[in-house]
1. What do you reckon, is A:PHE8 in contact (Cβ under 8 Å) with a residue 12 or more places away in the chain, aromatic (Phe, Trp, Tyr) and within 8 Å of chain B (Cβ to nearest Cβ)?
2. Has region B:77-98 got any residue that is within 11 Å of another protein chain (Cβ to nearest Cβ), more than 11 Å from the chain's Cα centre (by Cα), farther than 24 Å from B:LEU158 by Cα and hydrophobic (A, V, I, L, M, F, W, C)?
3. Can you tell me which condition B:PRO187 does not meet? The list is (1) touching a residue at least 60 places away in the same chain (Cβ under 8 Å); (2) in a helix (DSSP H, G or I), and all the others hold.
4. How many residues, within region B:215-239, are without any contact (Cβ under 8 Å) to a residue 12 or more places away in the chain and within 15 Å of B:PRO26 (Cβ to Cβ)?
5. Which pairs do you get when a residue that is under 13 Å from A:ILE26 (Cα atoms), found in region B:68-79, comes within reach of a residue that is surrounded by 15 or more Cβ atoms within 10 Å (Cβ to Cβ) and charged (D, E, K, R), reach meaning Cβ atoms under 7 angstrom, with the pair 6+ apart or on two chains?
6. How about region A:29-60: which of its residues are in a helix (DSSP H, G or I) and farther than 30 Å from B:PRO34 by Cβ?
7. Looking at B:GLU151, B:GLU163, which one is over 17 Å from B:ASP197 (Cβ atoms) and among the acidic types (Asp, Glu)?
8. Considering each of A:ILE24, A:ILE18 in turn, give the residue that is facing chain B (nearest Cβ under 7 Å) and either closer than 30 Å to B:LYS45 by Cβ or modelled with pLDDT under 95 (or both).
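The values are calculated or read from the model by the stated rules, or taken from the named source; none is laboratory data. None of these values were measured; they are calculated from a predicted model. Positions of Cβ are generated from backbone atoms using ideal geometry, with glycine treated the same way; all protein chains shown enter the neighbour counts.
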Amino acid sequence: MNECNAPFGFPHKHLLGIEGLNPIEITALLDRAESYVEQNRQADKKKAVLSGRTIINLFF
Amino acid sequence: MSVATSSVKKGETLIDTAMTLNAMHPDVLVVRHPESGSVKLLSEKVNCAVINGGDGSHEHPTQALLDALTIRRRMGEIQGLRVAICGDILHSRVARSNIHLLTTMGARVRLIAPRTLIPTGIEHMGVEVFYDMREGLQDCDIVMMLRLQKERMDGNYLPSVREYFHFFGLDYAKLEGAKPNALIMHPGPMNRGVEIDSEVADDFGRSAIHEQVEMGVAVRMAALEILTANLEHNAQRNL
């Protein structure tokens with residue numbers, strides 16, 4: 001995925017490292033995270049954006 | 001080298017695990033693994049998105065992002081800041097990801113550590129290296145401490161914990177040369193009295209350690225949202 005119309009301006013399938021990311025992509029991630037800071041300080045912290053998704057945490 | 005403990009063997013079992021999980025059609029895999037490079041290898045074998053939660057001494061991208069968010073919120077921007085990363089650079093994936101992020105965003109990065117804990121050739125990453133805390137901390141805006149892993153404390157790397165704290169533990173005396181409002185950071189868990197003095201760690205005016213934890217939640221939420229949105233975006237394009 002290399003086109004620039006990725007939904008949040010982060011045109012990568014994975015997040016494997018910082019090496020290789022450019023300032024625009026890093027800023028895109030930080031801006032989106034920023035939007036969650038206030039939300040997480042509210043009583044209602046839930047959003048449905050991951051509804052139906054399966055996420056596996058695999059810590060060796 | 002015994003086959004049972006070789007990286008090859010570990011690599012093979014890792015891929016078996018990846019294929020098994022892949023068969024369950026997950027959307028995202030978050031992986032932490034003690035071998036550098038293993039998470040990238042795994043990402044090449046699965047269909048889902050992969051987040052590296054730390055691979056060996058290589059990278060820990062979400063830690064660097066949460067540190068960057070903490071700095072940005074406190075200091076306004078990262079560009080132009082002088083940042084010192086102090087301690088066990090050699091074994092630290094946190095240091096490596098932070099060096100990439102901070103230099104990419106235009107900060108000036110210094111590494112401060114004993115010679116035994118500085119990887120050779122690290123200057124090629126665009127950083128300055130110091131072997132003395134007071135010298136390295138001079139005029140810094142940000143002081144990032146790293147956890148000293150207990151298994152490094154005796155033997156080849158360091159003579160003793162007490163000596164390490166004496167020369168490289170962050171206390172108010174060593175902090176004197178840094179900027180008066182310099183922000184103190186630590187990725188946790190801290191070894192109080194080893195790499196950081198308790199008083200400094202608990203100085204709420206200067207220490208951002210609890211904010212880093214809070215930003216960690218926001219960064220991981222954003223990463224999950226963005227990668228799943230990209231999956232959806234790609235699925236639509238391929239219809």
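1. Details: in contact (Cβ under 8 Å) with a residue 12 or more places away in the chain: yes; aromatic (Phe, Trp, Tyr): yes; within 8 Å of chain B (Cβ to nearest Cβ): yes.
Yes; evaluated as a whole, the condition is true for this residue.
2. Yes: region B:77-98 contains one or more residues that are within 11 Å of another protein chain (Cβ to nearest Cβ), more than 11 Å from the chain's Cα centre (by Cα), farther than 24 Å from B:LEU158 by Cα and hydrophobic (A, V, I, L, M, F, W, C).
3. Looking at each condition in turn, B:PRO187 falls short on (2).
4. 2
5. Close Cβ pairs (under 7 Å, with a partner that is surrounded by 15 or more Cβ atoms within 10 Å (Cβ to Cβ) and charged (D, E, K, R)) amount to B:LEU69/A:GLU34; B:ILE78/B:ARG72.
6. Listed by number, the residues that qualify are A:ASP31, A:GLU34, A:SER35, A:VAL37, A:GLU38, A:GLN39, A:ASN40.
7. Matching residue, one of B:GLU151, B:GLU163: B:GLU151.
8. Working: A:ILE24 fails: facing chain B (nearest Cβ under 7 Å).
The conditions single out A:ILE18.
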